[in-house]
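Coordinate-derived values only; no laboratory data. As the structure is a prediction and not an experimental result, all values here were calculated from the model. Because the Cβ atoms are built from the backbone with ideal geometry, glycine has one as well, and the counts that use them run over all protein chains shown.
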Amino acid sequence: MCSPRDSGLSLAAVRMMTRSRSGGPGAAPRRGGEEAAPLQRREAAAEGKKSPSLAKHQRKTQKLKVAYEAPGHEKGESHKALEALGWEPRDWRQQLENIRTMRSGKDAPVDWLGVEHCHDPSAPPKVQRYQVLLSLMLSSQTKDQVTAGAMQRLRARGLTVDSILQTDDATLGSLIYPVGFWRSKVKYIKQTSAILQQRYGGDIPASVAELVALPGVGPKMAHLAMAVAWGIVSGIAVDTHVHRIANRLRWTRTMTTSPEKTRAALEEWLPRELWGEINGLLVGFGQQTCLPVRPRCGACLNRSLCPAARSPEPLTPAPAP
């Protein structure tokens, strides 16, 4: 600390400044000659006459909140919110690697009869894209083997937008039978083909929003069409297999009740570079090992990591007596 001599101030000047600041002798009078000490005593007396409610209010307002603290900071809610942003399932990386190992043979029906294999690779690109979309529309609630058979019959007659529009409903129905809901699909295929001819020159749209607006086209089909037909990964394609397995592995924060809710839950945490892989990987896994009923947990590399394998009763109903 500097001394008066070091600062260039005289000792007398320092004393004068000290008296002035403390209200001692030599300080200027306040408000008609009243000194500071009587004024402070009156303020203190007045402070004691304030109502209890006012005093209580002042005590409550003494605690100041920092401006950058989020609401609920004292309760740890903001900390929990930050943790939620980084949530990911336990052991998911090891589970995924185990599934890749089990699927390394690429010998599930989806691997040789899936949508990637149903179109004519020698057809013009626009026709190939249309055939991809058509195979997706047929695949709903239908096994890959049945979908592939229907596509073979359609392609044998020349599968284009024009050829479908020139085919009567009865003939189209006989060609796609026995795909699931084949009567409804005849109607949807005709309506969608007419829209594609009128609005897109016989091609298919290149956005999820436009694809799902077509009759008979759902979100899973739209995301797969974007990936296969246009080479764009727009989202995770979730069918019944992906929906079932994601819930069994607890890859969703809570149990989801529909494929679309599962898609949203997966896209919250799964790295985007894995979105294009996950559908084919889990579909084949669901076709061979993680079956809808009586999953083959004994042959699964994830049996020690899967919550469903540890408590299979709710997911594997017992046979009826």
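Arranged from highest to lowest average of other beta-carbon atoms within 10 Å per residue, in what order do the peptides 292-299, 265-272, 209-216 appear? Let's see the in-between values first.
Values: 292-299: 12.6, 265-272: 14.9, 209-216: 17.2.
Going by the mean number of other Cβ atoms within 10 Å, highest first, we get 209-216, 265-272, 292-299.
How much net charge surrounds GLY216 when only the other residues with a Cβ under 9 Å from the Cβ of GLY216 are counted, with Lys and Arg +1 and Asp and Glu -1? Present the calculation step by step, with values, prior to reporting the outcome.
Details: positive: LYS185, LYS187; negative: none.
Result for the local shell: +2.
Put +1 on the Cβ of each Lys and Arg and -1 on the Cβ of each Asp and Glu in segment 131-195; which of LEU154, LEU138, ILE164 then has its Cα farthest toward the positive end of the dipole?
Towards the positive end, the residue furthest out is LEU138.
Take every Cα pair under 8 Å in segment 176-292 that's 6+ residues apart, average their separations, divide by the length, and report that relative contact order as a whole percent. Show your work: numbers first, answer last.
Details: 103 pairs, mean separation 22.4, N = 117.
Relative CO of segment 176-292 lands at 19 percent.
Only Cα pairs under 8 Å and at least 6 apart count here; give the relative contact order of segment 107-203 as a rounded whole percent.
Working: 98 pairs, mean separation 29.6, N = 97.
Answer for segment 107-203 is 30 percent.
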